[in-house]
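Below is one structure; the comments refer to it alone.
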Amino acid sequence: MPLTRRRFLAASTALAALPRAALATGQTRITAAPTKQQLAPGGYAATDVWAFNGKVPGEVLRYRQGDTLDVRLINGLQTQDTTIHWHGLRLPNAMDGVPDLTQAPVAPGKVFDYRFTLNDAGTFWYHPHANSLEQISRGLAGVLVVEEPQAPEVDDDRVLVLDDWRMADDAVIHPSFGAWHDMSHAGRLGNYITVNATPEHRQTVHPGARLRLRLVNTATARIFDLRFRGLAAWVVAHDAMPLDRPQRVERLALAPAQRTDLIVDITAEAGDEAALASVERDGTFALASFPVSGAAQGSRAAPAALPPNEMPAIDVNDARQVPLVMEGGAMRGLPDGGSYEGKQMDMRALAEAGQFWAFNGQVGMAETPMLEAFEGETIRVPITNNTAFPHAMHLHGMHFREVLKGGFGPWRDTILVAPNETREVVFNAHNPGDWMFHCHMPSHQMSGMMNWIRVS
């Protein structure tokens, strides 16, 4: 059953943006449990999903910068342990949600309380870090918005969750979790793309309207190649961290786990449509369309930068360099084998164990961290991708910047490294604890591409 989106220039689809949620107060209870939701178009049955509080994606949690997040996770999954990882947040290590590293996994029927101060403003998301491939693929993901003290002047502020689903007949989520082909190739790519878990998306706007679009990629492997029609787009933040100055863009790559905040002005005239589209192998498809009607609004100056979050100092000249080399996967393999669970194993034995990737010869988590840093130390990590596939590398608990000729790239918590490419990142190890550093394509993570660092 091919489930495809309409082509970019074909008849428009409809936009159902996530509603603007009220600011959270007191303790919020979040239950992870099975439910049904209409993901596929009309005529197909509702899909069995796993959801936070009965909804995919989970409800948008909204706070103000400086508020305290107080969330009780209730595990209603019945058959699996779970956790919540608060992706991109600089938070106390015990609240990071990594089972057996920062907390005990939450067993079915049990609860865990997350409570910490939200020091950074921006767009974040939350998801399990237990059996991540299956749990995220079945729908367990939600967005966390921390509002800055001075928000930009826009006509609307929308969260758009980009995702894909691997669907079988009758809109059933295909149970091929952990398929060796996915794990050793590009990951679990879906055959059906959604925005906010709906197949049809539409929002009517006035000519000249200014929108803030918070884009969140919760897919487990898909890299969205985004294009714009009938709107002028500026990037104002990546991975929750504001840019020094907004950057005008004509296209945008959004890797798994990455977020980008856009300010867009509608340039299409009344009677036309503006659109956000994704370029895929079989065509360009509309993700969101904005029919334009009504009277034109006056022109506006380019948007100003968002208020910056307070970031640690980076002294790149005094930094210690710790290289990371990614190896393995289909077409390259691990000809020298790798160390897995304390044993040196050849490529055949690793494949039989469902392991296909390595960082610096280490397959999966080790008893000792890939690096140890003292609090406040600056670390440079040249990441070399010697595999045939791209990887979205994510550091927990801290943000990094890419080292470029003559300066730095923007602050990020997830960076896409293409095949045969080296990208060097630098970060201040300011947050004590044990932190995951892994590929955020869960098929790759669970088959070797995960390790950890210690800051003390």
Charged-residue dipole, Cβ positions (Lys, Arg, Asp, Glu), the chain about Cα centre, Debye nearest 20: 780 debye
With eigenvalues of the C-alpha gyration tensor scaled by 5 and rooted, the stretch 316-455, Å: 26, 17, 12
Per-selection Kirkwood Rh - the stretch 28-147 (Cα, Å, 1 d.p.): 14.6 Å
Extension gain (nm, one decimal) between MET347 and GLU372, 0.36 nm per residue minus Cα-Cα: 6.2 nm
GLN65 versus GLN247: modelled label distance in nm, points set 7 Å from Cα along the beta carbon direction: 2.0 nm
Options (1) -0.51, -0.65, -1.25; (2) -0.44, -0.57, -1.26; (3) -0.51, -0.65, -1.48 - which one matches log10 I(q)/I(0) by the Debye sum over Cα atoms at q = 0.08, 0.09, 0.13 Å⁻¹ as calculated here: (2)
Where Rh is the Kirkwood radius over Cα pairs, Rg/Rh for the stretch 208-268: 0.97
For the stretch 148-188 and the stretch 192-217, distance of Cα centres in Å: 15 Å
Extent along principal axes [Cα atoms of the stretch 94-164; Å; largest to smallest]: 44, 32, 20
Pair GLN362, GLU280: separation of 7 Å Cα→Cβ label points (nm): 3.8 nm
Proximal charge balance of GLN65 [Cβ under 10 Å; K/R count +1, D/E count -1]: -3
Value of [θ]222 nm, deg cm²/dmol, for the chain, DSSP H segments ≥ 4, -39500 (n - 2.57) each, nearest 500: -1000 deg cm²/dmol
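When only C-alpha pairs under 8 Å and at least 6 residues apart count, what is the relative contact order of the stretch 308-443, in percent?
Across the stretch 308-443, relative contact order equals 27 percent.
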Packing-based ranking, highest mean first, of 121-127, 377-383 given that Cβ atoms within 10 Å are counted: 121-127, 377-383
Chain lengthening between SER293 and THR117 when straightened (0.36 nm per residue, less Cα-Cα): 59.1 nm
DSSP-assigned coil residues among chymotrypsin sites (Phe, Trp or Tyr not before Pro) in the stretch 348-377, each with at most 13 further Cβ atoms within 10 Å: PHE374
The chain, relative contact order [Cα under 8 Å, separation at least 6], %: 15 percent
Hydrodynamic radius (Kirkwood) for the stretch 156-291, which is based on Cα pairs only, to one decimal in Å: 15.9 Å
ALA46 paired with ALA107, simple spin-label distance in nm, labels 7 Å along Cα-to-beta-carbon: 3.1 nm
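We did not get these values from a lab; they are worked out from the coordinates using the rules stated. No experiment lies behind these values; they were computed from the predicted model shown. No Cβ is skipped: glycine too gets one built from the backbone with ideal geometry, and neighbour counts run over all protein chains shown.
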